[in-house]
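Structure, as structure tokens:
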Amino acid sequence: MNPSEMRKHLAEYADGELDPAQRAEIEAHLAQDPASRADVARWQALRQCAHRALVSEPVPRGLEDRVRANLQASRRVRSRRLYRLGLPGLAVAAAVVLALFVWPGSEAAATNVQVSGFASVYRRCAVERRHDTLNVRGDGGCKTLAELQAEAPLAAGLPDIPSHGYRLDGACWCGPPECKECGARVLHAYFRRSDDPNDVVSAFAVDCAITLCTCGGTPCPGCQRGTAEFRDGTDGDVSLVCWKRQKISYVLAGRMPREELTKLAQGEVTPASPQFARTVP
Amino acid sequence: MGSADKQSFEALALPHLDTVYRVARRLAHHEHDAEDLVQETFLKAYAAFDRFQVREFGIKPWLLKILTNTFLNRRQRAERGPRSTDPQTLDETQADEAYAGPPDLDYEHLDQEVKQALDQLAPEFRTVLLLWATLEFSYREIADALDVPIGTVMSRLHRARQQLARALHDFAREQRLPGVKTQT
Ligand SMILES: [Zn+2]
Ligand SMILES: [Zn+2]
Ligand SMILES: [Zn+2]
């Protein structure tokens with residue numbers, strides 16, 4: 001190795017990656033060149049520094065729960081596919097798994113959630129990306145609300161949006177930042193009515209008590225409108241409606257007048273099927 | 001796949017969730033995209049778990065392999081077509097640029113600057129550098145995880161390190177830090 005080649009190998013030497021012959025050659029050189037020794041130490045320090053930059057990144061709260069929930073959902077999808085292939089025993093097993101699958105309820109007091117948080121998930125996941133980590137879109141978008149409810153127990157209390165001419169278009173576990181903070185699970189399912197990318201309604205189910213806030217105040221001085229049960233708000237051209245059933249909060253979001261969206265929300269709430277009754281405490 | 005296998009997948013894979021997320025976070029620019037990458041990685045790994053041989057290949061490199069492949073494929077899809085910068089060309093250009101040694105700086109306090117420099121790297125270099133930064137992989141293992149020859153790993157690491165060194169030289173110059181010898 002000539003001196004310039006030698007310098008280029010110092011970083012690899014610092015990583016302990018040279019073969020014995022190269023190593024011996026470098027070490028002979030290092031013994032008489034303090035500048036190269038300093039370089040080796042700095043390359044090692046740089047790697048440590050990159051390591052710290054990597055591990056200093058905070059991991060979002062509830063990530064492990066969300067990954068587990070997704071794995072669980074994919075397991076159920078597989079079981080149901082096997083059932084269609086004529087393996088009823090597995091379906092029974094899947095039902096048992098479902099019955100045991102209890103979402104831990106959150107006892108926290110009502111969290112103020114900014115309407116913009118739900119509105120941005122609506123715009124990002126439902127309108128732009130058609131985000132579908134639950135893989136419910138299915139062939140030709142003919143999956144039903146009942147199928148979603150089988151996959152995600154949180155969906156059990158969603159209103160019957162499909163009866164208004166919408167079809168299920170996708171679902172994901174995305175929610176506003178406040179819910180991520182508090183660790184609540186948020187199921188986001190969206191329903192499409194036509195080819196117009198904006199003709200889509202998002203339904204959120206949150207296993208936590210939330211109130212919609214448009215003022216940004218903490219605590220919120222009470223900025224909501226609407227009836228006592230169905231509170232609404234707007235974020236730009238997106239309307240939002242929020243209500244609660246038992247310990248689950250629901251939010252609808254869509255590009256339509258608030259009154260129209262409230263009607264969708266007030267539509268007949270599908271009864272939770274007995275099989276999943278335990279999953280909604 | 002038996003239910004025992006499902007349990008063992010979670011038991012084996014979930015302890016590495018933090019590492020997978022942190023690498024994903026440096027690959028994707030947004031927290032939301034990082035979490036998405038992580039979800040897709042674990043779903044793919046779970047689906048392929050029965051074909052996975054733990055003894056041949058530790059589960060962590062395997063998860064990171066799925067993660068980086070998912071990331072690079074998504075990028076390619078997002079750009080609709082071939083990668084804007086062909087990795088082959090990337091590997092060859094600037095090959096004769098002047099060598100930059102690591103500047104004489106206080107590396108204990110450079111985390112933020114290094115993080116920024118990392119984020120500036122082209123994806124093919126960033127993936128190599130991130131696996132290197134975990135301190136858990138040899139060059140050989142990085143090559144296996146990324147499915148590239150070891151020579152490619154070495155040349156990409158060299159280039160990535162040079163870019164880091166230059167960014168830090170620039171930083172030192174901007175800050176007018178005393179005692180910095182600019183080596184070119
Ligand atoms: Zn989403
Ligand atoms: Zn909450
Ligand atoms: Zn408010």
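Read-outs: derived from the displayed coordinates by stated rules, not from any lab. Quantities reported herein were computed from a predicted structural model and do not represent experimental measurements. Positions of Cβ are generated from backbone atoms using ideal geometry, with glycine treated the same way; all protein chains shown enter the neighbour counts.
If the limit is 23 Å between Cα atoms, which of A:LYS8/B:LYS60; B:LYS44/B:LYS115; A:LYS180/A:LYS247 go over it?
Table pairs above 23 Å Cα-Cα are A:LYS8/B:LYS60; B:LYS44/B:LYS115.
Couplings 3J(HN,Hα) for region A:169-175, derived from phi with the Karplus relation 6.51 cos²θ - 1.76 cosθ + 1.60 (θ = phi - 60°), are 10, x, 8, 8, 9, 9, x Hz, where x marks Gly and Pro.
Provide the gained length on full extension for the span B:SER138 to B:TYR99, in nm with one decimal, where the gain is 0.36 nm per separating residue minus the Cα-Cα distance.
Full-extension gain reported as 11.7 nm.
For region A:29-35, putting each phi into the Karplus relation 6.51 cos²θ - 1.76 cosθ + 1.60 with θ = phi - 60° gives couplings of 5, 4, 4, 10, 9, x, 4 Hz, in residue order, rounded to whole numbers and with x for Gly and Pro.
The slack in the chain from A:LYS247 to A:GLU181, taken as 0.36 nm per residue of separation less the alpha-carbon distance, amounts to 21.9 nm.
Between A:THR111 and A:ALA209, A:ILE210, A:THR211, the built amide H atoms are under 5 Å apart, and every one of these is 5 or more places off in sequence or on another chain. Using R0 = 51 Å, the C-beta based FRET efficiency linking A:ALA38 and B:SER8 works out to 0.60.
Applying the Karplus relation 6.51 cos²θ - 1.76 cosθ + 1.60 with θ = phi - 60° to region A:145-151 yields 3J(HN,Hα) values of 4, 4, 5, 5, 5, 5, 7 Hz, where x marks Gly and Pro.
Modelled label positions at A:GLN266 and A:ALA209, each set 7 Å beyond Cα in the direction of Cβ, lie 2.5 nm from each other. Extension gain, A:VAL55-A:SER4: 0.36 nm per intervening residue step, less the Cα-Cα distance, totals 15.0 nm.
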